[in-house]
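The values are calculated or read from the model by the stated rules, or taken from the named source; none is laboratory data. Predicted, not measured: the structure shown is a model, and the values here were computed from it. Cβ placement follows ideal geometry from the backbone for every residue including glycine, while neighbour counts extend to all protein chains displayed. Just the protein is used for accessible areas: all its heavy atoms, side chains included, with ligands, DNA and RNA removed. Shrake-Rupley method; radii C 1.70, N 1.55, O 1.52, S 1.80 Å.
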Amino acid sequence: MRFWNKSLLLAGLLLFGLSQLVAAETVMDLTKSLSVKSYSKKSVIIQKIAQTGDPQATVILQSLLDGSLFLTKDAGLPVLAAKLGKEYALSDPFTGVDLGQVRKRALKKIRINNKVRGILKASIARLNLSHPNPRHRIKAAKLLFKNLDKALLAPLQQLVEAENEGAVKEAFETTNAALILLHGDTIDARLKAVERLKAAGGPDVRALLSSMDRKLQAKASSDEQSEKLQLVVQSALKSVERQLENYGLIESLFQGISLSSVLLLAAIGLAITFGVMGVINMAHGEMVMIGAYTTYVIQEICRTSFPGFFDYSLILAIPMAFIVSGICGVIIERSVIRFLYGRPLETLLATWGISLLLQQLVRTIFGATNKEVGSPEWLSGAWEVTAGLSFTYNRIAIIFFALFVLAGLMLVLKKTLFGLQMRAVTQNRQMARSMGIKSARIDAMTFGLGSGVAGMAGVALSQVDNVSPNLGQAYIIDSFMVVVFGGVGNLWGTLVGASSLGIVNKFLEPYSGAVLAKIFVLVAIILFIQKRPRGLFALKGRSVEG
Amino acid sequence: MEMKVVAKPIAKESSILYLDGVSVSFDGFKALNDLSFVVQPGEMKAIIGPNGAGKTTMMDVITGKTRPDTGEVYFKDATDLTRLDEARIVNLGIGRKFQKPTVFESHTVFDNLELSLKGNKSPFATLFSKLSADDALKIEDTLNTIRLTDRKDWLAGNLSHGQKQWLEIGMLLMQDPELLLVDEPVAGMTDAETVETADLLRLIAKTRSVVVVEHDMEFVRSLQCKVIVLHEGHVLAEGSLDKVANDPEVIDVYLGR
Amino acid sequence: MKNKNNKALGPFFSLITDLPGGGKAFMGILLAVALYTVIGNTLIPESSFAHVPTYMVTLMGKYLCYALLALSVDLIWGYCGILSLGHGAFFSLGGYAMGMYLMRQIGDRGVYGNPELPDFMVFLNWQELPWYWSGFDNFFVAALMVMLVPGLLAFVFGWFAFRSRVTGVYFSIITQAMTYALLLAFFRNDMGFGGNNGLTDFKDLLGFDLRSDGMRLGLFVGSAVAVALGYLICAFITRSKFGRVLIAIRDAESRTRFTGYRVEFYKLSVFVISAVLAGIAGAFYVPQVGIINPSEFSPANSIEVVIWVAVGGRGTLWGAVLGAVLVNWGKSYFTGAFPEAWLYLLGGLFVCTTLFLPKGIVGTVPEWWAKIKLRLGRFKPDLIQTGKGDM
């Protein structure tokens, strides 16, 4: 034992001296010296590498941990190697330059054992915790929380005190508290740590506290101190759990609103074609699908021809999808639906046929498999409100987009000449015609508007769902349910219908599972329609014959 | 339930149709406003009024299509019509003719009348029913009355507008109703058809009570019956046509315009 | 209509003898096809071109099941104007009831050899049969359920829907939602109907091996008899006063109500009868195709039935049968020969039928024929005047 200590000290001094001498090549040389057989020597070298604080140190240590760091047998140079068939593809760990391929025989792997691995982890953590980027430091602290090592107790303490950035300090303190709770010596410090953890909250803290609770319970001999600690831990655990439960509710609410916005987008075009015109368009889902494929095509064009524009392809896709789906809608109205006005059941069948045709057409052009539509940079990621509560950006964007579309549509209907003419035609076709309104043109444009809005829904859906020929089918029944539930011919009704359906669905899910929740909602609407056959917001009118 | 108001000037006893204080509103719009009137057995009454006066809504209330918000509707002094559905009310003996002639267009004239025969109208009964000789005679009778004997095997959809109106009246007669509600029977008819229809209604009114809703003043005059003027869901005036035609209020809201 | 001299033959034969010419012709064709199939399969040697191979017998049996399903849809849509987009659900429920019987018949011959539990239950670690599976080992209980379950669902659903006067497209949409909800439900393993694999691996029916030629022929004959009976029942219903009330409801619901008919009771009655017929069709279908799974509930299936009826000619019973056989024959042919083309064709069929053939083949072809006759100067006025010829 003593011998080991001595030799360690000796090696340390030796290396220290070396590093002082040739500071610039330190990491490189230290890495080369990893060829030593002794694991304890390797440990010392690793710590030295870490102490350099060199950004390249992290790369070296991480690749060592991953097992991708090798030394060449001839020159003893450190290389990164990835297996490529029978050979290994080499690259320079410092510059990333490709170094060609070699046989396995030409390489020497740097072996590590569990102890070394532990030291590696701690060193990497410490390096990351002192990374110049504060975001990086927070991430490192959170990572560390899941991997609490006693060895880090002291260094983290120092880092907490040295840290100036508020958010980073907070993250460090939470992780530090976790370390203290697990490995701290004084009861007071540990109690204080529990308080600190309780304030932080989140699922990680809950896991830690509950494991701590189990540990304390399992402990055979309990003194006054550990009893007190257990009480505090338990109460903190309860409070964190309660908080998480509340977060769960908020999360459900958000999920519900998110689903509502998707339903709203899918249904809002239908509210126009079905609600305003009384046309049952079973191909409405396919208008959504066409919008999604338009998004795909535009993104592909951007990806191949204008890579710099990729992040904004989605913005371009919104008007394009509106136009493409809208034109499809106008064509459908002119070629089929206008011959079937006043025969809603026939319209239903004919548009179902159109939906089959469009699905098959898309399948022929694009193939039956799902297409990948990427999220732009500015929509990926999530807004992390607090530990255990975060909302993804794309869902937030869809919520706002849906409301925006709804508002825009209401403006068009209420404030524009087209909207006025549209309402006139739907209320009294004969009268509108005699006022000089070209009712056939208004019909086509109304249908085009409804279909175009469906196309815009497709852009949004491409962000949360698979883009496939069956995309529309998945939404058509739900969309009809929304419109029927909300009341035909009323956009506010559509909004209320979509929100209640979405939110109820998501609140049921935790209790019953997704499928049962959906069944419940369907059954509830079927029952509801019996009670109010014209929907929630139906206008009561003078009774008409027939 | 509303408190019963003190004795009204109209008698419920022995009446065939009795409306008292009937109000109906749709989204704030009052279609009927405290409407009260009585029809005696064997009486014919014509109801006139401008568009939106509540004529059709009144018909809907009597025939069970619309439930009144307040008010009483009694048939033959005994049956509360506000609690029954359309079919029950029809089978009690109240027939209704629509404004737009509605007949079963893909059935023959004969079948139209057969379907309207008074009798058990439950699904089970009709599944096994056979036309009796008596009923066939009744149908022939009615065919004569509505002058469609030579058209009895035609599809109703192929009839002229006026013939459809008559067929519908014939269908009502098959139900043998005690009270007939007729909504604008001569709308869209030729002059000759109008005269014939007036004759037909007067003939019918000999054995039943009839309420006619009508716009056509000449036609109302030819019916030679009491007139009720409806305005904004309320009875404005009642009496002979000459009397109401000279009522200054009526002239003001309706005739004078 | 008039029942003159066949009282002695009993009420059943009067059903046939009362049929108008078209109906008798239909029964004749059905009988001829069934007889030829039986003879062609058993008596004519395989080498002859007139031989009917067994796979063809089963295929035709399948078409006949579809024909019965089409009849049931025609009864409510063609005659009463109710467009149900959920008849696939009744068909599937009848099929599942039959499938449950067939499952119980497997006994201990399953993969796991459990005498009580079907394989999928053993696989799910279930210890005992769920209560709703009891009794299904008895053929007569199962046969009763084939009719009772769809009938009961139709009764409950129709009771609520028709009483609150849900009509037209609203009714269509909620029937579609109904079958969609059932689709989702039957996909669940814990429903106890085999989840997304459904019920399959059947061995025998009433003790006879399902894969034997004799059994297949028997099932075909059974289907033919079912279609014949279904046709007779529908013909009886549509030609009775009840049937004329249905048409009256279809054409002028309000007038019918003001003529003193409780429209909702009529709709409910015919909806239940129709659902039972669909259930029976499903029960004959399952042993012939050897499987029933939740995809049968998919809304697309139900809508497809409607187009069979539309193609053939709604409001005419044999039009429904013709449409079902024609479209499905086309489907068998095209999905084999040009699988890509089939959906285009089906979609085109939906569009073109509603636009150009609103009365279907049976309704439109005679019309064209009449026009041709008119051109030739041999017009007979009774052609447009009576409506009774189109049975």
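For region C:145-173, a residue qualifies if it is open to solvent by less than 30 Å² (accessible area, probe 1.4 Å), aliphatic (A, V, I, L, M) and touching a residue at least 40 places away in the same chain (Cβ under 8 Å), and the qualifying residues are C:Val146, C:Ala154, C:Val169, C:Ile173. Can you spot a residue in region A:364-373 that is within 14 Å of another protein chain (Cβ to nearest Cβ) and open to solvent by 80 Å² or more (accessible area, probe 1.4 Å)? Looking for residues that are within 14 Å of another protein chain (Cβ to nearest Cβ) and open to solvent by 80 Å² or more (accessible area, probe 1.4 Å), one finds at least one in region A:364-373, hence yes. Checked against the criterion of being within 33 Å of the chain's Cα centre (by Cα), hydrophobic (A, V, I, L, M, F, W, C) and assigned to a helix (DSSP H, G or I), the candidates A:Val44, A:Val59 yield just one match: A:Val59.
Does C:Trp318 fit the bill of being within 27 Å of C:Pro358 (Cβ to Cβ), open to solvent by 10 Å² or more (accessible area, probe 1.4 Å) and free of Cβ contacts under 8 Å to residues at least 40 places away in the same chain? Against the criterion (within 27 Å of C:Pro358 (Cβ to Cβ), open to solvent by 10 Å² or more (accessible area, probe 1.4 Å) and free of Cβ contacts under 8 Å to residues at least 40 places away in the same chain), C:Trp318 does not qualify.
Matching residues to (1) assigned to a helix (DSSP H, G or I); (2) over 29 Å from A:Ala368 (Cα atoms); (3) at pLDDT 85 or above:
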| site | (1), (2), (3) |
| --- | --- |
| A:Arg423 | yes, yes, no |
| A:Met456 | yes, no, yes |
| A:Leu461 | yes, no, yes |
| A:Val496 | yes, yes, yes |
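For region A:537-544, indicate whether the set of residues that are out of contact with any strand residue (DSSP E or B) (no Cβ under 9 Å at 6 or more places or on another chain), more than 26 Å from A:Arg338 (Cβ to Cβ) and modelled with pLDDT under 85 is non-empty. Yes, some residue in region A:537-544 is out of contact with any strand residue (DSSP E or B) (no Cβ under 9 Å at 6 or more places or on another chain), more than 26 Å from A:Arg338 (Cβ to Cβ) and modelled with pLDDT under 85.
Table: residues versus (1) at pLDDT 75 or above; (2) of a type outside the set (A, V, I, L, M, F, W, C).
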residue: A:Gly17; (1), (2): no, yes
residue: A:Gln47; (1), (2): yes, yes
residue: A:Val59; (1), (2): yes, no
residue: A:Gly76; (1), (2): yes, yes
residue: A:Lys104; (1), (2): yes, yes
residue: A:Lys115; (1), (2): yes, yes
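Would you check if C:Ser212 is in contact with a Phe, Trp or Tyr (Cβ under 6 Å, 6 or more places away or on another chain) and farther than 18 Å from A:Val523 by Cα? It is false that C:Ser212 is in contact with a Phe, Trp or Tyr (Cβ under 6 Å, 6 or more places away or on another chain) and farther than 18 Å from A:Val523 by Cα. A single member of A:Ile327, A:Ile315, A:Ile301 is at pLDDT 95 or above and within 20 Å of A:Met456 (Cβ to Cβ), and it is A:Ile327. Just to be sure, is B:Arg83 without any contact (Cβ under 8 Å) to a residue 12 or more places away in the chain and more than 10 Å from chain C (Cβ to nearest Cβ)? Yes. Only residues that are touching a residue at least 12 places away in the same chain (Cβ under 8 Å), open to solvent by 20 Å² or more (accessible area, probe 1.4 Å) and part of a helix (DSSP H, G or I) were counted in region C:108-140, giving 6. Entry remark, region C:290-308: residues being within 10 Å of another protein chain (Cβ to nearest Cβ) and touching a residue at least 24 places away in the same chain (Cβ under 8 Å) number 6 in total. When you scan region B:25-48, do you find a residue that is open to solvent by less than 10 Å² (accessible area, probe 1.4 Å) and in a loop (DSSP other than H, G, I, E, B), even just one? Looking for residues that are open to solvent by less than 10 Å² (accessible area, probe 1.4 Å) and in a loop (DSSP other than H, G, I, E, B), one finds none in region B:25-48, hence no. The single condition from (1) assigned to a helix (DSSP H, G or I); (2) small (Gly, Ala, Ser); (3) without any contact (Cβ under 8 Å) to a residue 40 or more places away in the chain that A:Ser123 fails is (3). Just one residue in the set A:Ala317, A:Ala292, A:Ala283 is away from every other protein chain (no Cβ under 12 Å), closer than 24 Å to A:Leu409 by Cα, in contact (Cβ under 8 Å) with a residue 24 or more places away in the chain and out of contact with any strand residue (DSSP E or B) (no Cβ under 9 Å at 6 or more places or on another chain); that residue is A:Ala317. The residues of region C:22-67 that are more than 23 Å from the chain's Cα centre (by Cα) and open to solvent by 30 Å² or more (accessible area, probe 1.4 Å), listed by number, are C:Ile39, C:Thr42, C:Leu43, C:Ile44, C:Pro45, C:Glu46, C:Ser47, C:Ser48, C:Phe49, C:His51, C:Pro53.
Going through (1) basic (Lys, Arg); (2) in contact with a Ser or Thr (Cβ under 9 Å, 6 or more places away or on another chain); (3) assigned by TED's automatic domain parsing to the domain that holds A:Ser40 one by one, A:Lys142 falls short only on (3). Kindly establish whether B:Glu105 is in contact with a helix residue (DSSP H, G or I) (Cβ under 6 Å, 6 or more places away or on another chain), at the interface with chain C (Cβ under 9 Å from one of its Cβ atoms) and open to solvent by less than 10 Å² (accessible area, probe 1.4 Å). For B:Glu105, the condition - in contact with a helix residue (DSSP H, G or I) (Cβ under 6 Å, 6 or more places away or on another chain), at the interface with chain C (Cβ under 9 Å from one of its Cβ atoms) and open to solvent by less than 10 Å² (accessible area, probe 1.4 Å) - is not met.
Each residue in region A:245-259 was checked for being touching a Lys or Arg at 6+ places or on another chain (Cβ under 8 Å) and either closer than 12 Å to A:Ser390 by Cα or open to solvent by 50 Å² or more (accessible area, probe 1.4 Å) (or both), and 4 pass. One residue stands out among those in region A:268-279 that are within 27 Å of A:Phe366 (Cβ to Cβ) and out of contact with any Gly (no Cβ under 6 Å at 6 or more places or on another chain): the one that is farthest from the other protein chains (Cβ to nearest Cβ), which is A:Ile268.
Here B:Asn91 meets each of (1) within 19 Å of the chain's Cα centre (by Cα); (2) more than 8 Å from every other protein chain (Cβ to nearest Cβ); (3) buried (at least 18 other Cβ atoms within 10 Å of the Cβ); (4) not acidic (Asp, Glu) with one exception, condition (2). Among the residues of region B:112-132, those identified as in a helix (DSSP H, G or I) and open to solvent by less than 10 Å² (accessible area, probe 1.4 Å) are B:Asn112, B:Leu113, B:Leu115, B:Ser116, B:Thr126. Failed condition for C:Pro358, given (1) under 30 Å from A:Arg363 (Cα atoms); (2) in contact with an Asp or Glu (Cβ under 9 Å, 6 or more places away or on another chain); (3) in a helix (DSSP H, G or I), with all others met? All conditions are met except number (3). Considering B:Arg151, B:Arg147, which residue is touching a helix residue (DSSP H, G or I) at 6+ places or on another chain (Cβ under 9 Å), of a type in the set (Lys, Arg) and more than 11 Å from every other protein chain (Cβ to nearest Cβ)? Selected residue: B:Arg147, the only one of B:Arg151, B:Arg147 that is touching a helix residue (DSSP H, G or I) at 6+ places or on another chain (Cβ under 9 Å), of a type in the set (Lys, Arg) and more than 11 Å from every other protein chain (Cβ to nearest Cβ). Of the helices (runs of 4 or more DSSP H) lying entirely inside region C:198-266, those carrying at least 3 residues that are of a type in the set (Ser, Thr, Tyr) and out of contact with any Pro (no Cβ under 7 Å at 6 or more places or on another chain) are C:213-239. Taking region C:191-214 as the range and being in contact (Cβ under 8 Å) with a residue 12 or more places away in the chain and on the phi < 0 side of the Ramachandran plot as the test, the residues that pass are C:Phe193, C:Asn196, C:Asn197, C:Leu199, C:Thr200, C:Phe202, C:Lys203, C:Asp204, C:Leu205, C:Leu210, C:Asp213.
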